[in-house]
Amino acid sequence: MHTPLDMPRALEIAAACLVLVGSALAQGDAQAAKPSADELQRRLAAVEQELATLRAQGEAAAAREKDAEARYQSLLEEIDALKTAGGPSQRAAAWYDRITLGGYGEIHYNSLEQPDQKQIDIARFVAYLGYRFNDWIQLHSEVEIEGSLVAPDGTGELSIEQLHFDFLLDRHFNVRAGRFLVPLGIINQTHEPTTFNGVERPDFETFVIPTTWVSDGAGCFGDVSDRLKYQVYVGSSLDGSKFDPVTGIREGRQEGVAGLGQAALMGRLDYSPVQSSAQNLRLGASFFGGGVNNGPNGVNPGIDADLEVYSADFQYSVADFDFRGVYAFEKINGAESIGNNVASEIDGYYLESAYHFWPDDWKAGRLERSDAIVFVRYDDVDTQKSVPPGVAKDPRGHRTVWTSGLSFFPTDDLVIKTDYQVYDDDTAQGLSNRFNVGLGFRF
């Protein structure tokens, strides 16, 4: 153990060695590219540690502390230069180093009991392309092919699901502009097949919050704190002339050239009061409000109505159990001007519990990253909760679904699913039950 008298001498020797090593490395790397932002951050952390040590030694280390302070400030200036101007290391990066490729897809087999109907479909394939212009401007885009064939008769679909720029200004305030996902519910913003149970998306997330629901516009997002996040956007709303008594607002989504006759305001808060290795709890609240007199290419249908949506959701994981649930209430002011038996109020919810039962002993070899989940979910959807005066409720609008099934992950990003669904509605004949098998992936 060094005494207080020989500590400064030891530091001087160490500092001299560092200078010699640094000089040799600098000569050997004279032609190398300038350091990256990550490397500068690593060096900054090392200098911070050195400063803490030197300050603890008092006046004997004052000169060396002054030198370390100068190097610390120099590193801060280099990092700021990278953030504000793209930096030399960013400018030197090849274009292919700035590109991110990804995607996801699903293959479904569905068997209906009555009538006896069986089908297999490549339900969707989505290709993701991201580009990093520098460390604070990023492009995110997704192109989706839905259905196995995009045909002139309207079956299948090819669309731009997302295309937006993120301007990462600060942890607390960032800007997003372009086509983005409406921040409602659980699945609309995170709908890759490996992130939810069941072959088909819940009925709630199909008709009440019609996944995938996009908007064209701009807004801001960020972290209020480590536990609270927010999103607020102004963007395109819906085409109310396409609302339906059974499918609700789903067909009103604008997926082509969106009309902006009446825009919408939307937002979301996510609060995570519990974050640990043992358990996690997230609570969410979201809203959407806007006029629905919008039509493709700006040709409006001429209706006088607007839509309000209020939603709350949660996700809770503890040990091997996962729980999630979501509720939404929708009010269509002026539904009578739309006609077509469209409801003035729509609501719905679902609750789901899941258990990860795959033994740790089986997670070895080729199945090192494997998992298996059993789950049960209950959906309740009412697209005819309340109707305008003089309009009779369509009994097909209120239905319930019990879904129970199994998800097997041979690895993190590939899932094989199977489930059985028991459907019911307010009609005399009811609805057909379903057996489903699916394969989903993301990369």
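Quantify how much of the Cα-Cα distance distribution of region 75-229 extends past 22 Å, in percent. Present the calculation step by step, with values, prior to reporting the outcome.
On the way: 6628 of 11935 pairs.
Summing the P(r) of region 75-229 above 22 Å gives 56 percent of all pairs.
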Taking the dipole about the Cα centre of region 312-387, with the C-beta of Lys and Arg at +1 and of Asp and Glu at -1, give me whichever of F314, H356, S337 is farthest to the positive side.
H356
Fewest Cβ neighbours within 10 Å first, please rank Y420, Y350 accordingly.
Y420, Y350
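Sort T195, T212 by Cβ crowding within 10 Å, fewest neighbours at the top. Walk me through the intermediate numbers first.
Values: T195 13, T212 22.
Going from least to most buried by this count: T195, T212.
Among I373, I338, what is the fewest-to-most ranking by other Cβ atoms within 10 Å?
Working: I373 19, I338 24.
So the ranking, lowest neighbour count to highest, is I373, I338.
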If each Cα of region 319-439 is one equal point scatterer, what is log10 of I(q)/I(0) from the Debye formula at q = 0.12, 0.21 Å⁻¹?
-0.61, -1.13
Largest first and in whole Å, give the semi-axes of region 97-442's equivalent ellipsoid, each being the square root of 5 times a Cα gyration tensor eigenvalue.
31, 27, 21
Convert each backbone phi in region 350-356 into a coupling constant with the Karplus relation 6.51 cos²θ - 1.76 cosθ + 1.60 (shift: θ = phi - 60°), then list the ³J(HN,Hα) values in order as whole Hz, x for Gly and Pro.
8, 10, 9, 10, 9, 10, 8
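All of the numbers you see were taken from the coordinates with simple rules; none came from a lab. Predicted model only: the values in this text are computed from it and were never measured. Note that we place each Cβ from the backbone using ideal geometry, even for glycine, and neighbour counts take in every protein chain shown.
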